[in-house]
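Novice: This structure is in structure tokens; I'll ask about it shortly.
The values are calculated or read from the model by the stated rules, or taken from the named source; none is laboratory data. The model shown is predicted, which means the values in this text are computed figures rather than measured ones. We place every Cβ from the backbone using ideal geometry, glycine too, and count neighbours over all the protein chains shown.
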Ligand code: SAM
Ligand code: SF4
């Protein structure tokens, strides 16, 4: 690029652009980006034990990820969550956090955050805080070391707990995500909530979703949160609260613990009408809905030119196709998952 072209390009990227609004009038203000499909765990509901990961050249570079995220920010995205796979195992991922933090400094972005399994958090917590990360989600399904090892296949609970300590010590607000699993952590849900609330962490429970083959039957793992809620109500006073994030979570407060509990029921349709989010994979594929196969390739327009024009045109085209809602079903044993890609591809 000549210096003149570079100048035009810089002006171009700084120019405010039309917000991304779909045909149902929903503005896309929240982007989740999976920065890698790799992970240092193999959670039984998420991955098969032996996974084939993408060849490295398929992945967007950190510079391309920055450009892509920045294009979304220019189109009105206010909240950016890096996820995966495990985002903190991507080499030099802190360079990306560091560069994206400029959008926090400028006020264009309200929140830069991540979802992590916590295994590498002790190493990165203070640097994340330094990059303006104020709150994070840590996934933790059990506080029992053996059970933790069995559920994650490879994980070490003590590392995750050290990671949570480090994040809190760095002033980062931690929220726990736990997948509710029939016969696996069902009996432990109240003690997990009590432990988290005692440490000032809210908790969200997630219903298992039919994403990708893992070698286990989702029908066996599926525990409806309506059942969990009924069990919790025998012990505590739960009150619905209007707190919303535009996603599938509904929140209750628990009088006895003083904390908030999110109930994420992706198999119901009760959240699609307010959906404000889209997801991009580490290869630059944009999914307009977590529960649908339709996708748009953003890597080609990104790589086709150094200007962002083609990329913005692809975004307009894709958001126009954002569907009204998803098509999840968990029904008979032996059926293939209703969405073939794994959660670690799309990013949770
Ligand atoms: N590795 C990071 C972690 O575990 O937090 C980020 C990626 S992980 C795919 C994001 C979230 O998706 C985690 O909270 C995980 O428990 C959840 N998840 C993975 N597979 C799922 C499934 N099939 N159904 C529901 N939640 C799932
Ligand atoms: Fe890895 Fe997160 Fe999937 Fe577990 S849930 S295998 S930590 S990507």
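Novice: Is it true that residue 62 is within 16 Å of ligand 1 (Cβ to nearest atom) and at pLDDT 95 or above?
Specialist: The answer is no for residue 62.
Novice: For the stretch 105-118, check the following and say yes or no: at least one residue is more than 16 Å from the chain's Cα centre (by Cα), without any contact (Cβ under 8 Å) to a residue 24 or more places away in the chain and over 29 Å from residue 223 (Cα atoms).
Specialist: Yes, the stretch 105-118 contains a residue that is more than 16 Å from the chain's Cα centre (by Cα), without any contact (Cβ under 8 Å) to a residue 24 or more places away in the chain and over 29 Å from residue 223 (Cα atoms).
Novice: With the condition kept exactly as written, say whether any residue in the stretch 49-58 is buried (at least 19 other Cβ atoms within 10 Å of the Cβ) and more than 19 Å from residue 287 (Cα to Cα).
Specialist: No, the stretch 49-58 contains no residue that is buried (at least 19 other Cβ atoms within 10 Å of the Cβ) and more than 19 Å from residue 287 (Cα to Cα).
Novice: Return the residues of the stretch 26-65 that are outside any loop (DSSP other than H, G, I, E, B) and within 16 Å of ligand 2 (Cβ to nearest atom); say none if nothing qualifies.
Specialist: Listed by number, the residues that qualify are 32, 33, 34.
Novice: Which of the numbered conditions does residue 108 fail, given that it passes all the others? Conditions: (1) within 16 Å of ligand 2 (Cβ to nearest atom); (2) in a loop (DSSP other than H, G, I, E, B); (3) touching a helix residue (DSSP H, G or I) at 6+ places or on another chain (Cβ under 9 Å); (4) on the phi < 0 side of the Ramachandran plot.
Specialist: Single failed check for residue 108: (1).
Novice: So which of 151, 205 is part of a helix (DSSP H, G or I) and either within 13 Å of ligand 2 (Cβ to nearest atom) or without any contact (Cβ under 8 Å) to a residue 60 or more places away in the chain (or both)?
Specialist: Sole residue among the options that is part of a helix (DSSP H, G or I) and either within 13 Å of ligand 2 (Cβ to nearest atom) or without any contact (Cβ under 8 Å) to a residue 60 or more places away in the chain (or both): 151.
Novice: State yes or no: is residue 304 surrounded by 21 or more Cβ atoms within 10 Å (Cβ to Cβ) and modelled with pLDDT of 95 or more?
Specialist: Spelling it out, it is not the case that residue 304 is surrounded by 21 or more Cβ atoms within 10 Å (Cβ to Cβ) and modelled with pLDDT of 95 or more.
Novice: OK, next. On the given criteria, is residue 68 part of a loop (DSSP other than H, G, I, E, B), touching a helix residue (DSSP H, G or I) at 6+ places or on another chain (Cβ under 7 Å) and away from ligand 2 (no atom under 16 Å from the Cβ)?
Specialist: no
Novice: When residues of the stretch 162-191 are filtered for being closer than 25 Å to residue 225 by Cβ, assigned to a helix (DSSP H, G or I) and within 16 Å of ligand 2 (Cβ to nearest atom), how many remain?
Specialist: Final tally of qualifying residues: 1.
Novice: Touching a helix residue (DSSP H, G or I) at 6+ places or on another chain (Cβ under 8 Å), closer than 23 Å to residue 66 by Cα and modelled with pLDDT of 95 or more: does that describe residue 283?
Specialist: yes
Novice: Something else now. Kindly indicate whether residue 159 is modelled with pLDDT of 95 or more, under 25 Å from residue 231 (Cα atoms) and crowded, with 16+ Cβ neighbours inside 10 Å.
Specialist: Considered against the rule, which asks whether it is modelled with pLDDT of 95 or more, under 25 Å from residue 231 (Cα atoms) and crowded, with 16+ Cβ neighbours inside 10 Å, residue 159 comes out as no.
Novice: Mind listing whichever residues of the stretch 162-182 are more than 15 Å from ligand 1 (Cβ to nearest atom) and either touching a residue at least 40 places away in the same chain (Cβ under 8 Å) or touching a helix residue (DSSP H, G or I) at 6+ places or on another chain (Cβ under 7 Å) (or both)?
Specialist: Those that are more than 15 Å from ligand 1 (Cβ to nearest atom) and either touching a residue at least 40 places away in the same chain (Cβ under 8 Å) or touching a helix residue (DSSP H, G or I) at 6+ places or on another chain (Cβ under 7 Å) (or both): 162, 165, 166, 169, 170, 171.
Novice: Collect the residues in the stretch 111-123 that are in contact with a strand residue (DSSP E or B) (Cβ under 9 Å, 6 or more places away or on another chain) and outside any loop (DSSP other than H, G, I, E, B), keeping them in residue-number order.
Specialist: 111, 112, 113, 114, 115, 116, 121
Novice: List every residue pair whose Cβ atoms sit under 6 Å apart, with the two residues 6 or more apart in sequence or on different chains, where the first one lies in the stretch 38-53 and is farther than 13 Å from residue 85 by Cβ and at pLDDT below 95 and the second, anywhere, is part of a loop (DSSP other than H, G, I, E, B) and more than 9 Å from ligand 1 (Cβ to nearest atom).
Specialist: Between residues of the stretch 38-53 that are farther than 13 Å from residue 85 by Cβ and at pLDDT below 95 and residues that are part of a loop (DSSP other than H, G, I, E, B) and more than 9 Å from ligand 1 (Cβ to nearest atom), the close pairs are 44/216; 48/215; 49/42.
Novice: Moving to a separate point now. Does residue 76 satisfy the criteria of being within 16 Å of ligand 2 (Cβ to nearest atom) and either assigned to a helix (DSSP H, G or I) or touching a residue at least 40 places away in the same chain (Cβ under 8 Å) (or both)?
Specialist: Answer is no for this residue.
Novice: Follow-up. State the number of residues belonging to the stretch 119-148 that are within 18 Å of residue 187 (Cα to Cα), in contact (Cβ under 8 Å) with a residue 24 or more places away in the chain and more than 15 Å from ligand 2 (Cβ to nearest atom).
Specialist: The number of residues fulfilling the criteria is 2.
Novice: Now for a separate question. Every residue in the stretch 79-89 that is buried (at least 22 other Cβ atoms within 10 Å of the Cβ) and either away from ligand 1 (no atom under 11 Å from the Cβ) or part of a helix (DSSP H, G or I) (or both), please.
Specialist: Answer for the stretch 79-89, where residues must be buried (at least 22 other Cβ atoms within 10 Å of the Cβ) and either away from ligand 1 (no atom under 11 Å from the Cβ) or part of a helix (DSSP H, G or I) (or both): 80, 87, 88.
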